[in-house]
Amino acid sequence: MYMKLLGCASIMLVLGALASAQTPVRELDIDSGWGGLGTPQSAHLVIKKLNGDYRLNGKRVDASLIDQLVSVLRQPTIEKPDPTNLGITPEWCKEHASEVGTRMGSQFESAAANRKELFIKSFNDPAVVAQVIKDLFGFTRFDDYPGARLKVIFEDETVIEAKTHSYYAFMLPWQITGNNSPTFNAQISRALAALMPKNTVNKERLAGDGFDKEFGQAVMQHIERDWKLLDARNKAGDALRAIETKYQVLSAEINPYHNVNYGVEWDSGKPHETNLHVTVRKPSFPGNLTDEVILRMNGSEAEGVDRFLQSGSKYEDLVLSSPLFGEYIRQHPRTPVWISYVHDASFGDKAMRVFAADMHAIGKDDVVPPVRAQQSEIALVMVGGAYWILFPDKHLLLWRFDGQNGLLNWKPETFAFRRCSEYHPVWGGCVGAEVSAEGKQVQDYASSDPCAVPTSSARSQSYEPLFPVHKAGKGGFINKSGEIVIPLHFDTVGEFSDGFARAECAGKWGFINSSGEWVVRPRFAWAQDFSEGLARVQVDGEALTYNSHWAFIDKSGNVVIQPFVEELPSSVSEGDDFHDGLAVVEVKSMKGYMDKTGKVVIPPKYSYVYPFSEGLAAVAVDKRGDQWGFIDKSGTLVISATFNWASSFRDGLAPVNRTSPCGFVDRSGAFVLKPPVADGEKDCATVWGDFDDGLARWKFGSKYGFIDRSGKTVIPPKFDLTFGFSEGLAAVSINGKWGYIDRTGEMAIEPREYNHVESFKNGLAYVVTKDGKHGYIDRTGKYVWQPALQGTD
């Protein structure tokens with residue numbers, strides 16, 4: 001497939017090589033790597049000319065491949081992605097459309113003939129190809145950081161350098177030294193890939209392996225609306241033709257999805273509800289107004305079509321006659337406004353159930369009866385992330401919102417919001433505030449302090465271990481016996497640390513003590529646990545946004561390190577709290593450390609760092625993160641940067657290296673443990689574990705066991721995966737199930753089908769069952785807190 005994709009481009013590459021420059025190449029230096037999610041990898045290749053031959057690690061390299069690379073590096077700049085250069089020619093498209101569709105799997109294979117025809121036609125359409133190529137080089141990704149750099153040194157000492165840090169196809173574009181503009185020449189990538197040995201990092205990316213499938217998937221995304229509409233016409237054509245007697249159908253699809261106002265939750269144990277989803281509009285509608293119609297599918301029949309055609313206009317007329325909505329729609333022609341219609345009403349039974357549960361969760365049961373009494377006459381209107389209930393008398397009620405869009409003429413701070421009972425949004429929550437028809441008055445029946453701790457929950461402060469639990473969308477704490485000691489009236493809670501636990505109320509975070517009382521009122525967009533008497537808090541913006549600002553507070557809630565002190569950055573990475581009296585700071589992507597006054601005591605000059613532990617910190621001294629060593633609290637490099645990775649010291653030992661030798665060093669930097677590693681292992685991080693309770697996991701072949709500090713195997717390798725020991729027990733996985741073993745290797749808690757387990761802490765272990773429920777077990781495996789769903793139960 002690769003050679004077929006190259007087509008004429010491959011021939012051009014060879015011809016270009018024949019016109020290569022006269023001056024021979026003396027050396028070719030290549031760096032290639034990637035970071036982001038997963039374990040970073042890198043490769044460094046040096047090709048040198050020795051006695052007339054080019055050699056890489058002692059092996060001969062075909063000189064024509066180097067000539068090809070030099071030739072394409074000197075080609076004119078290609079300023080934007082070119083289909084022919086990428087290998088996407090009309091001839092190739094005609095020949096491979098069906099083949100690429102088949103490689104995409106059941107999405108294409110199981111499709112009806114007319115849908116396959118649509119894909120093949122689009123695959124061959126020059127206009128679609130041009131747009132798809134543009135889309136393939138115009139998206140944004142935050143979890144993938146590949147890079148490649150090459151340096152060609154000629155015998156006359158002239159140099160050509162090129163580099164890329166692109167996650168696009170072929171890792172385009174390239175920046176060549178001396179050129180003002182980057183070049184989208186895929187021939188550079190192919191020529192470089194041809195020089196790389198098998199399995200070299202990024203070789204497949206550069207060669208364009210899989211680009212044909214990526215292109216096909218992009219075509220499918222481009223035609224997604226028509227693809228789904230065809231499916232809906234195939235399966236519910238009669239319903240769509242009936243709807244088209246009054247409406248223009250903009251889109252349609254059939255699916256079992258669910259949301260706040262439609263469908264059946266997939267984790268409820270009930271059968272899925274399959275619906276026909278249709279977006280429609282009338283010619284008389286304003287350009288930004290549509291109906292979102294959802295009709296239950298009964299076999300091949302969509303139920304309720306006639307009822308919608310008879311009653312849909314009732315809700316449309318109500319919205320268009322609303323003074324507030326009418327004005328907003330006219331003044332914001334680019335803001336989409338949707339009128340909901342589910343089965344037989346705008347505000348359907350699913351919406352009514354969730355609304356009632358939401359209002360109960362935020363203490364506003366009194367707003368439910370008027371809505372229920374007028375349910376069939378109410379219009380549910382969605383604007384942005386906001387759900388508005390429009391009454392027949394034209395006044396509104398803001399049910400819930402996600403983000404700052406959709407609040408009509410108001411700002412988020414106008415409305416007090418709390419955590420919803422289910423379908424809780426990422427940012428925002430449930431409100432229950434009424435707005436007059438003209439929008440001149442907002443009436444909110446919330447208490448003056450929605451975050452007040454109920455008097456009935458008052459208790460004397462306790463110093464026994466407490467464990468966070470969540471149920472029905474609320475959080476509180478239990479003791480070791482499973483008794484609720486801090487009632488579940490917070491929106492979300494974290495674990496206790498330094499005597500305090502962070503808790504969320506009405507979209508803001510604060511801290512409570514072990515009696516459940518607020519010691520730092522909720523006022524922060526986000527907060528981290530206390531560590532060494534200080535806690536990181538986000539003082540502005542939406543939670544965890546890139547441009548937000550952070551500060552440190554003490555246990556009284558006072559800001560002791562300001563967001564804008566000298567050299568302190570506007571954000572600090574999660575997990576970079578105080579350890580050994582120092583916290584990580586970042587300035588222009590470089591990291592250092594500050595003390596508890598906010599003074600930067602170790603300048604930010606490292607690309608990657610770990611927090612201090614036992615007086616030392618692992619740091620990467622190079623930009624790529626391939627040279628790691630250890631510094632002390634004065635910033636002195638006390639263990640040389642001779643490792644390609646390193647982590648924190650625990651019990652006097654620190655794991656080092658991602659590639660052989662895998663092992664542990666002591667505080668002098670000397671290897672004290674080098675347990676054997678199976679052939680073929682490429683990443684030490686998948687082999688070892690930190691020492692806990694004197695033991696560390698180690699992978700022998702395909703199974704994990706445990707070694708002691710001398711390197712002796714004390715628990716034979718027989719587990720598929722393990723965690724470290726804690727309180728004498730370690731979680732182990734066998735045949736997809738998780739259990740716990742003791743220090744002799746005997747099974748103390750028999751394996752069960754858990755999705756997630758954690759180590760024991762203060763006598764209990766947190767577990768998540770196969771069906772997504774959260775609970776705690778004791779050392780016998782008995783539940784002290786029965787598994788419950790976090791959002792609803």
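The values are calculated or read from the model by the stated rules, or taken from the named source; none is laboratory data. Every value quoted in this text rests on a predicted model; they were computed, and no experiment measured them. Virtual Cβ from ideal backbone geometry, glycine too; neighbours counted across all protein chains shown. Remember, those area values only see protein heavy atoms, side chains included, never the ligands or the DNA or RNA. Shrake-Rupley method; radii C 1.70, N 1.55, O 1.52, S 1.80 Å.
Hey, can you tell me all the residues within the range 40-78 that are hydroxyl-bearing (Ser, Thr, Tyr) and either exposed (fewer than 13 other Cβ atoms within 10 Å of the Cβ) or over 19 Å from GLU204 (Cα atoms) (or both)?
Result: TYR54, SER64, SER71, THR77.
Could you pull out the residue among ARG330, ARG334, ARG353, ARG307 that is in a helix (DSSP H, G or I) and at pLDDT below 95?
It is ARG330.
What is the residue count in the range 110-131 for residues that are under 30 Å from the mean Cα position of the chain (by Cα) and of a type in the set (Asp, Glu)?
So the answer is 0.
So how many residues does the range 385-404 have that are open to solvent by less than 40 Å² (accessible area, probe 1.4 Å) and either in a strand (DSSP E or B) or more than 30 Å from GLN310 (Cβ to Cβ) (or both)?
13
I'd like the full set of residues that are open to solvent by 10 Å² or more (accessible area, probe 1.4 Å) and either outside any strand (DSSP E or B) or among the β-branched types (Val, Ile, Thr) (or both), limited to the range 137-153.
Answer for the range 137-153, where residues must be open to solvent by 10 Å² or more (accessible area, probe 1.4 Å) and either outside any strand (DSSP E or B) or among the β-branched types (Val, Ile, Thr) (or both): PHE137, GLY138, PHE139, THR140, ARG141, PHE142, ASP143, ILE153.
Between GLU79, GLU157, GLU91, GLU95, which is in contact (Cβ under 8 Å) with a residue 12 or more places away in the chain and in a loop (DSSP other than H, G, I, E, B)?
GLU79
Output the number of residues of the range 190-202 satisfying the condition of being among the charged types (D, E, K, R) and open to solvent by 50 Å² or more (accessible area, probe 1.4 Å).
Of the residues in that region, 1 qualify.
I'd like to check something: does the range 683-690 contain any residue that is more than 22 Å from TRP645 (Cα to Cα), free of Cβ contacts under 8 Å to residues at least 60 places away in the same chain and not polar (S, T, N, Q)?
no
Test ARG419 against the criterion of being surrounded by 18 or more Cβ atoms within 10 Å (Cβ to Cβ), within 31 Å of the chain's Cα centre (by Cα) and not acidic (Asp, Glu), and give yes or no.
Yes: the conditions hold for ARG419.
Would you mention how many residues in the range 296-312 are among the basic types (Lys, Arg) and buried (at least 16 other Cβ atoms within 10 Å of the Cβ)?
Total satisfying the criteria: 1.
Looking at the range 183-210, which of the residues that are over 19 Å from ASP31 (Cα atoms) and modelled with pLDDT under 95 is farthest from the chain's Cα centre (by Cα)?
In this case the residue turns out to be ASP209.
Among the numbered criteria (1) in a loop (DSSP other than H, G, I, E, B); (2) of a type outside the set (Asp, Glu); (3) in contact with a Ser or Thr (Cβ under 9 Å, 6 or more places away or on another chain); (4) within 25 Å of GLN331 (Cβ to Cβ), which one does SER421 miss?
So the condition that SER421 fails would be (4).
From the residues in the range 767-784 that are open to solvent by 50 Å² or more (accessible area, probe 1.4 Å) and not charged (D, E, K, R), which one is nearest to LEU466 (Cα to Cα)?
For the range 767-784, the residue satisfying everything is TYR783.
Suppose we filter VAL264, VAL293, VAL219 for residues that are closer than 30 Å to HIS424 by Cα, open to solvent by less than 20 Å² (accessible area, probe 1.4 Å) and either free of Cβ contacts under 8 Å to residues at least 60 places away in the same chain or not in a strand (DSSP E or B) (or both); which single one remains?
Matching residue, one of VAL264, VAL293, VAL219: VAL293.
Just checking, how many residues over the range 426-438 are assigned to a loop (DSSP other than H, G, I, E, B) and either surrounded by 18 or more Cβ atoms within 10 Å (Cβ to Cβ) or at pLDDT 85 or above (or both)?
3
Go through the range 728-761 and give me each residue that's in contact with a Lys or Arg (Cβ under 7 Å, 6 or more places away or on another chain) and open to solvent by 70 Å² or more (accessible area, probe 1.4 Å).
Selection gives LYS737, ARG752, GLU753, ASN755.
Strands (runs of 3 or more DSSP E) wholly in the range 478-533 with at least 3 residues that are more than 30 Å from LEU582 (Cβ to Cβ) and open to solvent by 10 Å² or more (accessible area, probe 1.4 Å) - which ones?
484-490
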